Each structure stands twice: as C-alpha cells, then as structure tokens.
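Laboratory data are not the source of any read-out in this text; all were calculated from the coordinates shown. What you see is a predicted model; the values in this text were computed from it and never measured. Heads up, the Cβs are rebuilt from the backbone with ideal geometry, glycines too, and the neighbour counts pull from every protein chain shown.
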Amino acid sequence: MRNLRLIARLDIKGPNLIKGVHLEGLRVIGSPAEHALRYYQQGADELIYMDCVASLYGRNHLANIVSAATEDIFIPMTVGGGIRSVDDAAQILRAGADKVAINTAAVADPDLITRIARRFGSQCMVLSVEAKQIGDEQWEAYTDNGRERSGIDVIDWVRRGVELGAGEILLTSVDREGTRRGFDCALVKAVTDAVSVPAIASGGMGKPEDLLSVVNEGKADAVAMADILHYKRATIDEIRSVARSAGFGVREFHRKIV
Amino acid sequence: MSTTDVVVIDYGVGNLLSVRRVLEHYGANVILTGDASEIIAGRRVVLPGVGAFPTAMQVLNEMQLPPVIREVAARGTPLLGICLGMQLLLDESEEFGTTIGLGLIPGKVRAIPGIASDGQSLKVPHIGWNGLHPAEHADWSNSLLSDIRPGEAVYFVHSFMAQPNAEHRVSDCMYGGHKVSAVVAKDNVIGCQFHPEKSGDVGLRIIKRFLKL
C-alpha cells in the first residue's frame with residue numbers, strides 16, 4: 001500500500017525554531033532554515049511549519065521563513081498557525097506553502113474549511129487538531145496552541161471537518177507532545193477509524209521504535225517528528241531504517257553524496 | 001530569449017513559487033504570466049495547477065487561454081502539465097460532473113476508486129511518495145524520465161487520475177492495486193501527475209531533463 005510519510009515538524013516563534021512540552025514552556029532550538037535543510041537532506045518526506053504565536057507579526061516571519069526555504073528545499077511544506085481567512089491562506093500559499101493547517105479559526109468558523117477547500121482543493125486544507133484526553137477513549141479539541149478548551153469532541157470534530165472539505169488531519173496529542181513518551185495510539189486509532197482521509201500523528205515520539213505502534217495499531221498514515229530530531233536523538237535516516245525493518249513502506253531515498 | 005527560458009502559466013492557482021524556484025535552481029529564466037503573447041513566445045511552457053478541474057478550466061476560459069495553450073502545443077514547444085495541469089491536458093474530467101479539458105492528450109480523468117483491488121477501503125486523496133514504473137510497452141529512454149530508475153519515488157497528491165489512451169502512458173504508479181497514470185506524453189505535450197518541484201532529488205532530475213528538451 002502507500003508509503004508511511006516521515007514528516008519533520010518545526011514549531012516557530014518569531015524568527016526562531018522552538019520546542020516545548022505539552023505545547024508550553026517553549027525553548028529556542030535555533031535557526032529554522034538550518035534545521036529544515038538538514039531534515040530535507042536526511043530525506044524527510046515533508047515539512048510542517050507551525051507558528052506558535054499566531055499573530056500577524058509572527059505570520060510575516062513565517063511567510064519569510066517558508067519563502068526562503070523554497071530556494072533549496074524541494075519537498076512539500078504544510079504551514080499552520082494564525083491562518084484565519086481564505087486571504088491568509090492565499091498569502092501563505094503564495095509564499096511557497098503547499099498546504100495550510102488550520103485549527104483555531106476552523107473551530108470558530110467551520111465554514112472556513114469549506115471555503116479553503118473550494119478555493120484551493122481539499123488536498124490543500126489540513127485540519128489541525130490539538131487533542132487532550134478527558135476520559136476513557138474520549139478527547140477534547142483544544143485551540144490556541146493547546147491553551148483553550150473548545151468543548152468539542154475530537155472524533156465528532158474530525159468527522160465534521162472531513163465532511164466540510166478537510167483533505168488531511170494533523171493530529172497532535174497535547175498530552176504527549178514534547179514528552180518523549182510515545183504517541184497516543186488510541187487517539188490516532190479513534191481518528192483513523194472515524195475518517196477516510198490521511199492522518200498525521202504528532203506528539204510524543206521519543207525513539208524511532210515509537211512509530212511501530214502508532215502505525216500498526218493507530219493506522220497513522222504519517223508521523224510528525226520534532227523533539228527527536230531537534231535534539232538529535234535520531235536522524236530521519238535511522239528512523240526510516242527502523243520503519244523499513246518493521247516492514248512499512250517508506251520512500252526509497254538515497255542521500256546525495258555532496 | 002535564452003534557451004532556458006520557461007513560461008509558467010499563471011492563472012491564479014497553486015504554489016507557483018515552488019515551480020519557479022525549482023526551474024531557477026538550474027539557471028532557467030522563468031516568467032510567470034497569463035499573457036497570451038508571452039506564453040506563445042515561451043521556449044518551454046509549464047501548466048501548473050492544484051484544486052478542482054472545473055474551477056481551473058473556468059478560469060482558463062475566462063482568461064481565454066485554452067486556444068493559447070493549444071497553439072503552444074501545435075508549435076512543438078515543450079509543454080509540461082503538473083498535477084491538475086496534467087489532467088487539464090486531457091479531453092474531459094468527471095470531477096463535479098463532466099467538464100471539457102484542453103483535449104491535447106486523448107483520454108479522460110476519473111476519480112481514484114475508494115476501494116483497493118483487494119476489496120479494502122482505499123484512502124483518497126492519494127497523498128505521499130510513490131514509485132514510478134514504466135507503463136506497459138512504454139519506453140523511457142527518450143522521455144522526461146530518462147534519468148530516473150524504475151521504482152524511484154516522487155510526491156503525489158490527488159483525488160482524480162488521468163486515463164489516457166495506452167499509447168500516451170509513459171509511467172504509472174501503483175495505488176491500492178490500481179495503476180495510476182504518473183506521466184503521460186504525446187509528442188511535445190507532457191504531463192506529470194506528481195509534483196516534480198516537490199519530489200526532492202528525483203524531481204530535480206526530471207526538471208533538469210525538461211530544461212534540455
């Protein structure tokens with residue numbers, strides 16, 4: 001079947017690459033450009049840029065970061081954080097993004113999902129969901145980078161989002177994010193059971209082997225990785241080897257000898 | 001105009017910056033334009049596109065570009081359609097009803113079946129990296145893929161697939177047991193269902209080859 005996608009996730013604040021725990025306590029990691037290029041050269045299948053500040057000021061930084069990245073990085077880029085309108089989406093797509101990821105604005109105005117999907121295609125409209133467990137097999141969608149409750153059930157929300165036109169789900173477990181405790185496989189499974197569009201599991205990857213259960217049990221189509229890459233606990237090459245040994249289809253990639 | 005001039009048809013859809021950047025990576029002079037005379041004068045022409053087939057055709061029609069693109073094809077100018085831009089080259093698409101395409105490559109565009117050949121449900125859109133394989137009876141040696149080894153992977157993202165006549169299929173990928181047209185060609189008119197500008201080193205080699213046509 002299709003290949004598992006290995007995605008490097010870069011959380012951005014202002015001009016910096018940052019990383020937190022549970023999307024909080026952000027630490028500066030360094031230059032987004034340097035890290036993005038390294039992940040591209042290691043064979044990342046895609047990049048996700050997520051603006052954690054989501055202000056207009058931050059978004060301009062983000063557009064510049066993405067635009068500069070397109071000069072030497074030739075893989076798909078998804079960009080999220082602070083996109084509140086079709087015009088915002090158009091602006092970030094013009095800056096070189098291939099897809100937009102939307103959470104807060106979609107919760108406030110679900111029709112935005114449809115408007116973006118109609119204008120740019122569903123493949124362009126990634127529904128970003130920040131999920132916190134609130135009970136047995138029950139998760140609530142959070143907005144504003146994991147800070148605000150929405151009162152909405154994650155499974156209901158992803159079903160509705162796909163009906164409205166979302167072509168992909170970026171599913172971040174706020175509980176696991178930055179903890180290195182592994183993915184929330186039950187959450188991922190609940191979402192992949194509920195919708196037919198691809199789901200990207202994000203949050204919790206502490207070691208390459210963590211992807212085994214999220215793919216086998218969770219049925220994730222892709223994994224987003226941040227902490228494990230930023231702190232150089234594994235390279236994408238190593239992660240791909242683990243995936244391949246487990247029998248998952250992964251992209252054939254040969255590092256260019258420079 | 002230098003021999004590497006490329007016109008990218010700008011009709012308001014898609015990530016044109018990435019297409020421009022990948023062409024510039026090899027030193028091409030790139031113009032993004034919707035102007036008929038500039039398009040016709042292009043040494044090479046790229047028709048990009050993401051989104052829905054009917055919307056794209058509607059915009060092209062409003063800009064009166066279909067006859068311009070047919071003129072480019074008739075002149076023998078290398079013309080590369082990417083993703084939806086490839087699908088537009090065909091006769092028609094069934095996306096949201098039937099819409100007439102540019103008719104430069106015989107065939108139709110149909111939805112990717114939501115069921116794999118083994119009866120399991122199949123995720124649509126088809127998003128991700130997938131290997132390129134020669135279509136039946138196709139010869140790669142003189143095609144856009146001459147520098148690509150069978151099996152090398154490129155990045156796809158689409159819900160519909162082109163079904164050209166067999167003679168115009170250059171390369172397929174396999175998705176859910178279905179053969180999905182990846183590269184189509186008729187003389188100087190070429191289409192890639194995948195995004196060469198987003199396909200890393202493999203895509204770069206395809207673009208490099210396009211700039212030598």
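For the stretch A:11-101, what class follows from the C-alpha gyration tensor (a ≥ b ≥ c being the square roots of its eigenvalues): rounded when a/c is under 1.5, otherwise prolate if a/b is larger than b/c, else oblate? Cα axes put the stretch A:11-101 in the oblate bin.
Of the trypsin sites (Lys or Arg not before Pro) in the stretch B:38-81, the ones in a loop by DSSP (not H, G, I, E or B) with at most 16 other beta carbons within 10 Å are B:Arg75. Once backbone amide H atoms are built at 1.01 Å from N, A:Asn3 has B:Trp129 as its partners under 5 Å, excluding neighbours fewer than 5 places away on the same chain.
For B:His195, B:His133, A:His230, the sequence from fewest to most other C-beta atoms within 10 Å is B:His133, A:His230, B:His195. Our helix-only sum for chain B, with -39,500 (n - 2.57) per DSSP H run of n ≥ 4 divided by its residues, gives a mean residue ellipticity at 222 nm of -6000 deg cm²/dmol.
Across the stretch B:179-191, coupling constants 3J(HN,Hα) worked out from phi with the 6.51/-1.76/1.60 Karplus curve, θ = phi - 60°, read 7, 10, 4, 9, 10, 10, 7, 9, 6, 7, 9, 10, x Hz, and Gly and Pro carry x.
Holding the Cα-Cα limit at 20 Å, pick out from A:Lys189/B:Lys198; B:Lys108/B:Lys186; A:Lys207/A:Lys232; A:Lys99/B:Lys123 the pairs that are longer than that. Let's see the in-between values first.
Details: A:Lys189/B:Lys198 29 Å; B:Lys108/B:Lys186 14 Å; A:Lys207/A:Lys232 11 Å; A:Lys99/B:Lys123 18 Å.
Distance filter (> 20 Å) returns A:Lys189/B:Lys198.
Relative contact order of chain B, please, whole-number percent, based on alpha carbon pairs below 8 angstrom and at least 6 residues apart. With pairs under 8 Å counted, the relative contact order is 19 percent.
A simple spin-label model places the labels of A:Asp153 and A:Ala246 2.9 nm from each other, with each point 7 Å out along Cα-to-Cβ. Placing +1 on the Cβ of every Lys and Arg and -1 on the Cβ of every Asp and Glu, with no other charges, gives the stretch B:6-210 a dipole of roughly 340 debye about its Cα centre. A prolate overall shape is assigned to the protein assembly as shown, the ratio a/c of its alpha-carbon gyration tensor axes (a ≥ b ≥ c) being 1.5 or greater and a/b exceeding b/c.
Considering only chain B, what is the antiparallel percent among its DSSP beta bridges, to the nearest 5? List each step's numbers first, then the result.
On the way: 26 of 43 bridges.
Around 60 percent antiparallel, to the nearest 5.
Taking beta carbons within 10 Å but only from partner chains, what does the mean come to for residues B:10-20?
Values: counts 0, 0, 2, 4, 6, 13, 3, 9, 11, 1, 2.
Average neighbour count from other chains, rounded to a whole number: 5.
Within the shell of other residues whose beta carbon sits under 12 angstrom from the beta carbon of B:Ser159, the net charge comes to -1, with Lys and Arg scored +1 and Asp and Glu -1.
Over all Cα atoms in the stretch A:5-245, the spread is summed up by Rg and Dmax: 16.1, 46 Å.
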